[in-house]
Amino acid sequence: MIVALAGGVGGAKLADGLYRGLPSRDLTVIVNTADDFDWFGLRICPDADTVMYTLAGIANPATGWGIAGDTFEALGMLGRYGRDVWFQVGDRDLATHVARTERLRSGMGLTDVMAELASALGIDAKILPMCDEPVATEVLTPGGPLDFQEYFVHRHQSDTVNGVVFRGIEQARPTGAVLRALTEARAVVFCPSNPIVSIGPILAVPGLRELVARHPGARVAVSPIVGGRALRGPADRMLESLGHDVSAYGVAALYQGLVDGMVIDEVDAALAPRIEALGMRVLVAPTVMVDAAGRTLLASKVLDFCEQILSTR
Ligand code: GDP
Ligand code: CA
């Protein structure tokens, strides 16, 4: 079994490639839940839902999030009632949040709720929230702290990020399902997700960083930074304002001691020696996943890299 650590859009793409590429579909995706928030009384889990819709084959290909062909009638009506509707929720997407919130209110844990939803969408892989406790990312900006979605969606990531806080993380515990998955995993793949606010919270769940650091399987990360830039989103600006190198090397440095190998893009091949000096192997590959074939190709290269690492131990 393969474990993938993922945030939203970038993570979901590689998770999808792994899912389609693994013969037995023996994949468990541990997803960031620190983006989760309440919206008109409904619980929304943006990264978990992005992974779920992607694996179910119903994600909106244009945005990477939301459901393909979704309509926004309910949102429009909320707007007519004078509500602030900067967070886009489609009508079908809304049903996910209604169904999830109902289950959570009845006392079911998020892990079980997501399992129910994913199974209803026909997904064979496991999509596990990093924990069942609510955790909320806050970004520290010159103008003060901002809730993550306020920063990310409402203010379009325009603020400088001088720090991040994962509220509630001290009370979080790895779930039994996450512990079992990591125990059984042959390999742990860090998807090309934002290392600060997508992979960061997963590793910050008390005990998880240590489990990955001591993991006997092959641990491989794919850089979300290509040619010194994020393909989308604020990962590059965040790395810079938080004092990290804005490159695949900067990402590798953040994962030092946690991964055996780093997958970097062909345009970054020259960084390989510096990354290897951090004590990890490097695979140079085309890492920009433009279509389904690109996802499965990268996934197969990642899996071969894992096998190579395991075979030379
Ligand atoms: P979010 O939660 O929706 O912001 O998504 P993630 O944290 O999972 O992913 C965001 C990161 O994915 C960004 O830093 C992008 O650079 C990266 N990304 C998106 N698509 C690709 C891709 O095709 N290849 C690589 N290597 N990175 C990607
Ligand atoms: Ca996210």
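Remarks
- The residue of segment 1-36 that is farthest from ligand 1 (Cβ to nearest atom), among those that are part of a loop (DSSP other than H, G, I, E, B) and of a type in the set (Asp, Glu), is Asp26.
- Options Leu22, Leu18, Leu94, Leu55: the member that is of a type outside the set (S, T, N, Q), touching a Phe, Trp or Tyr at 6+ places or on another chain (Cβ under 6 Å), in contact (Cβ under 8 Å) with a residue 12 or more places away in the chain and more than 25 Å from Arg173 (Cβ to Cβ): Leu55
- Checked against the criterion of being crowded, with 17+ Cβ neighbours inside 10 Å, touching a residue at least 60 places away in the same chain (Cβ under 8 Å) and within 16 Å of ligand 2 (Cβ to nearest atom), segment 68-89 has no qualifying residue.
- Within segment 188-221, if we keep just the residues that are out of contact with any helix residue (DSSP H, G or I) (no Cβ under 8 Å at 6 or more places or on another chain) and among the charged types (D, E, K, R), the residue that is nearest to Gly163 (Cα to Cα) turns out to be Glu210.
- Residue in segment 21-28 that is under 18 Å from Gly294 (Cβ atoms), out of contact with any Leu (no Cβ under 7 Å at 6 or more places or on another chain) and either modelled with pLDDT of 95 or more or among the aliphatic types (A, V, I, L, M) (or both) present: yes
- Checking Arg155 against (1) surrounded by 14 or more Cβ atoms within 10 Å (Cβ to Cβ); (2) out of contact with any helix residue (DSSP H, G or I) (no Cβ under 6 Å at 6 or more places or on another chain); (3) touching a residue at least 24 places away in the same chain (Cβ under 8 Å), the condition it does not meet: (3)
- Members of segment 162-181 found to be farther than 11 Å from Cys131 by Cα, more than 15 Å from ligand 2 (Cβ to nearest atom) and crowded, with 20+ Cβ neighbours inside 10 Å, listed by number: Ala181
- Just one residue in the set Thr50, Thr63 is within 16 Å of ligand 2 (Cβ to nearest atom), surrounded by 17 or more Cβ atoms within 10 Å (Cβ to Cβ) and either part of a helix (DSSP H, G or I) or not assigned by TED's automatic domain parsing to the domain that holds Pro192 (or both); that residue is Thr50.
- Residue in segment 91-103 that is touching a Leu at 6+ places or on another chain (Cβ under 6 Å) and at negative phi present: yes
- For segment 124-218, the helices (runs of 4 or more DSSP H) that sit wholly inside it and include 3 or more residues that are farther than 26 Å from Arg20 by Cβ and of a type outside the set (Asp, Glu) are 199-204, 208-213.
- Verdict on Arg219 being surrounded by fewer than 20 Cβ atoms within 10 Å (Cβ to Cβ), basic (Lys, Arg), over 28 Å from Asp159 (Cβ atoms) and out of contact with any Pro (no Cβ under 8 Å at 6 or more places or on another chain): no
- Residue list for segment 38-47, filter: crowded, with 19+ Cβ neighbours inside 10 Å and over 17 Å from Leu231 (Cβ atoms): Arg43, Ile44, Cys45, Pro46
The values are calculated or read from the model by the stated rules, or taken from the named source; none is laboratory data. What you see is a predicted model, and the numbers here were worked out from it, not measured in a lab. Cβ sites come from the backbone with ideal geometry, for glycine too, and all protein chains shown count toward neighbours.
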